[in-house]
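Below is one structure, written out as structure tokens, with a few remarks after it.
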Amino acid sequence: MTISAFYQIFGQVVLVAGILLLILLSVTLILGRMLIEKDRLVFPKLLLFTMDVFYGLFKKFAENVGVDAKIVDNIGVEVRNKVNEKDFNKIKPKDTILVLPHCLRNTECEAKLDTSGLVCENCNRCVIGVLKNKGEEMGYKVFIIPGSTFLTKIVEQNSFKAVIGVACFQDLNLAMMKLSNFSCQGVPLLRDGCVNTKVDSRAVLEKMGVRLKEAKKLAPKSSCSQDPDKRGYF
Ligand code: SF4
């Protein structure tokens with residue numbers, strides 16, 4: 001075979017691979033949107049494959065076709081939640097960790113940080129105390145962490161089978177990808193950022209197995225200094 005024939009075949013192979021990749025990304029985007037908008041999960045393994053192998057490329061592709069790249073992480077979280085749901089529901093709270101981001105804390109929070117994260121004193125100023133109290137009462141190990149390095153340490157130093165995580169879409173998707181050997185459930189933040197973030201507490205409590213009626217009762221009373229809804233309560 002001559003060199004020019006080799007390059008011709010090589011070029012054709014690259015072109016075909018490129019076209020197949022574009023088809024794969026387009027199909028994943030369509031199926032992902034179907035999952036988010038219609039709650040229909042089709043070909044979950046294909047979605048996870050694209051997400052795990054072509055994560056960065058998939059984000060760029062979404063942007064290039066005029067879709068907010070956030071959708072990629074949104075799809076990732078939704079697929080992983082659905083795929084893990086059955087196994088997760090079989091695991092007891094004592095074998096599950098609840099991981100909350102410290103950006104949910106009240107701006108006047110006085111809790112200190114130790115090697116496993118923030119040591120919440122449950123001062124009733126923010127939702128973390130409510131979730132931590134209820135979680136520990138049910139048997140969950142609760143961690144309030146400032147970043148993914150803490151998550152790595154938690155995984156190394158604790159024995160557990162399942163995780164409930166709260167974070168922004170991107171951190172949540174990447175963490176669930178990293179923790180794929182465990183049954184993970186994620187609740188994305190309603191408002192992300194570095195401080196004053198917000199979460200749907202009821203969604204977290206529901207993931208923990210708390211029934212809605214009880215979840216409502218856990219809402220802080222009027223003694224709180226801020227409007228509870230603004231702090232991500234119920
Ligand atoms: S309840 Fe919130 S503000 Fe109070 S100590 Fe815990 S994390 Fe800090």
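The values are calculated or read from the model by the stated rules, or taken from the named source; none is laboratory data. Owing to the predicted nature of the structure, the values given are computational and were not obtained by experimental measurement. Here the Cβ is made from the backbone with ideal geometry for all residues, glycine too, and neighbour counts use every protein chain on show.
Quick notes
- If the condition is being part of a helix (DSSP H, G or I) and β-branched (Val, Ile, Thr), then the range 53-84 contributes Val53, Ile71, Val72, Ile75, Val77, Val79, Val83.
- Applying the condition of being of a type in the set (Phe, Trp, Tyr) and closer than 20 Å to Leu179 by Cα to the range 52-88 and asking which residue is nearest to the ligand (Cβ to nearest atom) yields Phe88.
- Residue match in the range 162-185 (condition: more than 25 Å from Gly32 (Cβ to Cβ) and in contact with a strand residue (DSSP E or B) (Cβ under 7 Å, 6 or more places away or on another chain)): no
- Number of positions in the range 85-107 that are of a type in the set (S, T, N, Q) and surrounded by fewer than 20 Cβ atoms within 10 Å (Cβ to Cβ): 2
- Odd one out for Thr115, checked against (1) within 22 Å of Lys178 (Cα to Cα); (2) under 20 Å from the mean Cα position of the chain (by Cα): (2)
- Count - residues of the range 27-52 that are within 14 Å of Ile71 (Cβ to Cβ) and either of a type in the set (A, V, I, L, M) or in a loop (DSSP other than H, G, I, E, B) (or both): 8
- Among residues of the range 89-132, those that are more than 7 Å from the ligand (Cβ to nearest atom) and among the hydrophobic types (A, V, I, L, M, F, W, C), counted: 12
- If the condition is being surrounded by 17 or more Cβ atoms within 10 Å (Cβ to Cβ) and within 16 Å of the ligand (Cβ to nearest atom), then the range 142-166 contributes Val142, Phe143, Ile144, Ile145, Phe150, Val166.
- Residues considered: Ser4, Ser26. Of these, the only one that is in contact with a Phe, Trp or Tyr (Cβ under 9 Å, 6 or more places away or on another chain) and of a type in the set (Ser, Thr, Tyr) is Ser26.
- Being outside the structural domain of Leu189 (by TED's automatic domain parsing), at pLDDT below 95 and farther than 25 Å from Gly18 by Cβ is a condition met by at least one residue of the range 60-72.
- Meets criteria (over 20 Å from the mean Cα position of the chain (by Cα) and surrounded by 15 or more Cβ atoms within 10 Å (Cβ to Cβ)) for Leu25: yes
- Some residue of the range 69-77 being without any contact (Cβ under 8 Å) to a residue 40 or more places away in the chain and surrounded by 11 or more Cβ atoms within 10 Å (Cβ to Cβ): yes
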